[in-house]
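Reviewing the structure listed below.
The numbers here are math on the coordinates, done by the rules we state, and not lab data. What you see is a predicted model, and the numbers here were worked out from it, not measured in a lab. In this analysis, Cβ positions are derived from the backbone assuming ideal geometry, glycine residues included, and neighbour counts consider all displayed protein chains.
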Amino acid sequence: MKLTIIGSGYVGLTTGACFAEVGHQVVCVDSDPDRVQSLVTGTVPFFEPGLEALVKKNVAAKRLRFTGSTEEGVNHGEVLFITVPTPPLADGSVDLTFMEKVAREIAQYLDSYRVIVDKSTVPVKTGERVAQTIRKYAKPGVEFDVVSNPEFLREGAAVMDLMKPDRIVIGGNSDRALALMQKIYEPFVAPVLVTDINSAELIKHAANSFLALKISYINALAELCELSGADVLKVAEGIGADKRIGRGFLNAGLGYGGSCFPKDVAAFIAISEQLGQPFNLLKEVQAINNRQSVRFLDSVREALWVLKDKKIAVWGLSFKPNTDDIRSSVAVSLVEKLVAEGAEVSAYDPKAMAKVRETSLASQIRLADSALDAAADAEALIIATEWAEFGLVDLAALRDAMQTPLIFDGRNLLDPVAVRDFGFQYRGVGRGI
Ligand code: UGA
C-alpha cells in the first residue's frame with residue numbers, strides 16, 4: 001500500500017521504516033529541510049537500536065523516501081499518518097498547534113479520498129477537531145475519513161515494539177477506513193482492537209498514566225521499605241508474580257522521566273479537569289515521582305554533609321538506557337541540582353554525551369570519557385541511568401579510582417552484597433537491607 005507519514009520524528013520515522021520493511025511504499029514528510037537532507041542519506045538524527053540500518057535498507061530497496069513537501073505526501077499516500085509533536089503547554093494541557101497546521105495543509109492538497117490517521121498522542125476528541133478542520137479547509141465534496149491509531153513504542157526498543165506490538169488500536173467510524181487500516185497492519189502479527197475514535201485516543205493517555213502509576217506505586221513502597229528494613233526488589237518480585245499485577249514497570253528508582261510520561265500524566269490530568277472530573281489519583285502519582293529525586297538527593301547530602309566543592313561522579317545522563325535522549329531526564333535534573341549546590345560533577349553516559357554537549361550543562365560539569373574516568377578521585381558515585389555496561393565495571397578498579405568508595409545507586413543496578421564485599425558503602429533505592 002502507498003502510505004505517507006507526516007512528521008519524521010521518533011514515532012514517524014520508526015513507523016515509516018517499519019511499514020516499509022513489511023512491503024508498503026512509504027513517503028515520510030518533514031518540515032525541517034536539514035532533517036530531510038540527512039534522512040535522504042540514511043542518517044538518523046538520534047540513537048535508536050536497529051533504526052538506522054532499517055532506514056538504509058528500505059531507502060536502498062526504494063520502499064522508503066523522504067520529502068519536505070506535504071503536497072507530495074498527500075498525493076502519494078492512500079493513508080496519511082500524522083506524527084507531529086504534541087508538546088505540553090505551561091498548564092500541562094496539550095499544544096495542538098502542529099496538529100491543526102498539518103490538518104489545514106492536508107486539506108489544502110486533498111483531491112480524492114484519503115484516510116487521515118492521528119498517531120500522535122492527543123487528547124480525547126482531537127480526531128473530531130481534525131475532521132472539522134479538514135472539512136473546513138478542503139475543497140467542497142472531497143471525501144476523507146479520520147482514524148485514531150495511537151502508538152505504544154518505547155524509545156530504545158522502538159523497532160521491536162513496532163514490528164511485534166502487544167496490540168494495535170484502531171479507532172474509527174467508517175468501514176472503508178477501517179478496512180484500509182486492517183490491510184496496512186495485516187503483515188504485523190498482533191491482536192487488533194477496533195474502537196471508536198474517542199476510545200482509541202483515551203487508551204493512549206490511560207495506558208501511559210497507568211504505567212506511570214505503577215512506577216509511583218513501587219517508588220512509594222520503596223520509601224516504606226527503607227523505613228522498615230525491607231527490600232523493594234523482593235517486594236516487587238512478590239507482588240509482580242501475581243499475573244493480575246505483573247512484574248513489569250515495578251522497578252523503583254529515581255522516578256520516571258522522558259518525553260512521554262511526565263507530559264502525558266499532566267495532559268491526562270488537564271483533560272480530566274476539562275471534562276469536569278479531576279483525576280486526583282494522578283496528581284499523587286506526580287507528587288510521588290517528584291519526591292523520589294528529592295529524597296535521593298537528600299540522602300546524598302546527608303552522607304556528604306555539604307555538597308559544595310565535593311567531587312561527585314554521575315553515571316548515566318539519558319532518561320533511560322539504550323537511548324541518547326536527555327529530554328526530561330531525571331539524571332540531568334539531578335546533575336543540575338548538584339551543580340547548583342556547588343558540587344564538582346564528572347559525568348559519563350554511553351550514548352548521550354553528544355546531546356549533553358549541545359546544552360549549557362556541558363560547560364558546568366566535566367564530561368568524562370568512560371565510567372571509570374568519571375569516577376576518578378570522586379567522593380561519591382551516583383548511578384542515575386541503568387546502562388548495562390555500568391553493571392560490568394571492574395569493582396576493584398572503581399574502588400581504587402575513587403577517593404571515597406561510596407555508591408548511591410539510583411536505579412538499583414548493582415548487587416549490594418557484591419559491592420559491599422569490595423569495600424564500598426552502598427545505598428540503593430528502597431533497599432533497607
Ligand atoms: C513510554 C511507554 O512505555 C510507551 O509504551 C509509549 O509509547 C511511550 O512512552 C510514548 O508515549 O511515546 P518511553 O517514554 O520511551 O515509553 O520509556 P519507558 O521505557 O516507558 O520509560 C519511561 C520512564 O520510566 C523512564 O524514565 C524509566 O527510567 C522509568 N521507569 C520505567 C521506571 O522508573 N521504572 C520502571 O519500572 C520502568
Over 18 Å (Cα to Cα) - which of Lys119/Lys139; Lys119/Lys320; Lys2/Lys62 fall in this group: Lys119/Lys139; Lys119/Lys320
What does the helix-only formula give at 222 nm for the chain: each DSSP H stretch with n ≥ 4 adding -39500 (n - 2.57), the total divided by the residues, and the result rounded to the nearest 500 deg cm²/dmol? -13500 deg cm²/dmol
Using 25 Å as the Cα-Cα cut-off, could you pick out the over-long pairs in Lys125/Lys164; Lys136/Lys263; Lys263/Lys351? Lys125/Lys164; Lys136/Lys263
Kirkwood hydrodynamic radius (Cα pairs, Å) of the chain? 23.3 Å
Suppose every Lys and Arg Cβ carries +1 and every Asp and Glu Cβ carries -1, with no other charges. What dipole size does the chain come out with about its Cα centre, to the nearest 20 debye? 680 debye
For Ile245 and Thr359 in one chain, what is 0.36 nm times their gap in residues minus the Cα-Cα distance, to one decimal in nm? 37.1 nm
Give the order of Cys18, Cys28 when sorted by the count of other beta carbons within 10 angstrom, beginning with the fewest. Cys18, Cys28
Looking at the chain, send over the antiparallel percent of its DSSP beta bridges, to the nearest 5. 5 percent
Could you list Arg129, Arg247 in order of exposure, starting from the residue whose Cβ has the fewest other Cβ atoms within 10 Å? Arg247, Arg129
A correct fewest-to-most ranking of Thr70, Thr43, Thr14 by other Cβ atoms within 10 Å would be Thr43, Thr70, Thr14
Can you list residues whose amide H is under 5 Å from Asp349's amide H, if they're 5+ apart or on another chain and H is modeled 1.01 Å from N? Gly316
Hey, can you grab everything whose amide H is under 5 Å from the amide H of Glu344? Only 5+ residues off in sequence or another chain; H modelled, so Pro and N-termini drop out. Asp309, Lys310, Lys311, Ile312
Based on the alpha-carbon gyration tensor of segment 239-375 and its eigenvalue square roots a ≥ b ≥ c, which shape applies: rounded if a/c is under 1.5, prolate if not and a/b is larger than b/c, or oblate? prolate
Provide the FRET efficiency to the nearest 0.05 for the Asp394-Ala61 pair, computing r from the beta carbons and using R0 = 30 Å. 0.10
HN-Hα J in Hz across segment 314-323 - Karplus 6.51, -1.76, 1.60, θ = phi - 60°, x for Gly and Pro: 10, 9, x, 10, 5, 6, 6, x, 6, 8
Beta bridges by DSSP in segment 230-433, antiparallel share as percent, to the nearest 5: 5 percent
If a/c stays under 1.5 just call it rounded; otherwise compare a/b with b/c (prolate if a/b is bigger, oblate if not). Do that for segment 2-195, with a ≥ b ≥ c from the square roots of the Cα gyration tensor eigenvalues. rounded
